[in-house]
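Taking it in order: structure first as structure tokens, then the write-up.
Bear in mind these aren't lab numbers, they're just calculated from the coordinates by the rules spelled out. If you're wondering where the values come from, they're calculated on a predicted model, not measured in any experiment. Virtual Cβ from ideal backbone geometry, glycine too; neighbours counted across all protein chains shown.
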Amino acid sequence: MDEASLVVERRSDRVIARLNRPAKRNAIDREMIDALHALCDELETDPRTLILTGSAGTFAAGADIAQLRARRADDARQGINANAFIRIHELPMPVIAALDGYALGGGAELAYAADIRIATPSTKIGNPETGLGIIAAAGATWRLREIVGEALASEMLLTGRLLTADEALTAGLVSAVHASDQLLAAAHLIADRVAANDPLATQHTKRALRAPRDAHPRIDGELQAELFESPAKMRRMTDFLERRGGRRRWACWAEGAWARG
Ligand code: COA
């Protein structure tokens, strides 16, 4: 039996989803989109950090062009890839995209839907859609602009120019560049940092980040109100204060003992 086009590894605090059509440079086909929807079902019910990664030195070379060619106007209006990427963007816990090699077209748009993107020196990211006679309709026209600003987004989308890893780093499109063999470990380190924090505070932060400008500051107050009553906040703040108190008492004792000789 063929291996699944999306290979999912589940852990208690994170899920790692690997795009897995290496012979087609992980081109995103309908089966992969269905698998991403199924993963969203799972992560909406049982929120965990998601790490998205590719295989064989490629993140994804775009939507599957063979399937795209067969799609017609009604398919375009369904937003097949766009809707899946919106769900990924709106997952309750952080989404980390680990980009090795090409992240093109729909592959780039999947990466734009993540909260955090990291790359390798071989990363090439961008949207060559106009060269295929279509627009980048799965998020690039609005999400890329939000991430890198209108000037660079316009240049990338209107010319199809791909960014190198260094250019993506300078533009803030990725937050770090790691050697290829360190990429997944770096993604896990980010997930470790998330896991050390309070999950509800992380989810509320994401909710506030996603809220439209005119929802602030009311939404921040509402989310904080819930957290101010949470046992986790009491415990975490008490732990902090008692740890400091303990350190101060120990420092006083040590100073006294030294003075006494
Ligand atoms: N959709 C469908 N198939 C794709 C694909 C895509 N987006 N990208 C690559 N493939 C397939 C190729 O057709 C080829 O299949 P084959 O072996 O059956 O002929 C296989 O993947 C390998 O691709 P190839 O072009 O030989 O690999 P490469 O390493 O020389 O080049 C790329 C890699 C990414 C530069 C090149 O594949 C490419 O330009 N892909 C399309 C990029 C694109 O326009 N994406 C936007 C789509 S919206």
*Mind checking which residues of the stretch 1-49 are of a type in the set (D, E, K, R), within 16 Å of the ligand (Cβ to nearest atom) and under 26 Å from A136 (Cβ atoms)?*
R21, K24, R25, D29, R30, E31
_Every pair of residues 6+ apart whose Cβ atoms lie under 6 Å, when the first sits in the stretch 101-127 and is closer than 12 Å to R143 by Cα and away from the ligand (no atom under 11 Å from the Cβ) while the second is aliphatic (A, V, I, L, M) and not in a loop (DSSP other than H, G, I, E, B)_ = A111/A97; A111/L99; A111/A103; Y112/L144; A113/I88; A114/V95; A114/A97; D115/V95
*Given the structure, is D64 within 11 Å of the ligand (Cβ to nearest atom) and of a type outside the set (S, T, Y)?*
yes
*Of all residues in the stretch 167-182, how many are touching a residue at least 12 places away in the same chain (Cβ under 8 Å) and over 14 Å from the mean Cα position of the chain (by Cα)?*
7
_Whichever residue in the stretch 89-100 is within 8 Å of the chain's Cα centre (by Cα) and not in a helix (DSSP H, G or I) and, among such residues, is farthest from the ligand (Cβ to nearest atom)_ = P94
*Would you pick out the residues in the stretch 136-171 that are within 13 Å of the ligand (Cβ to nearest atom), more than 27 Å from L209 (Cα to Cα) and aliphatic (A, V, I, L, M)?*
L162
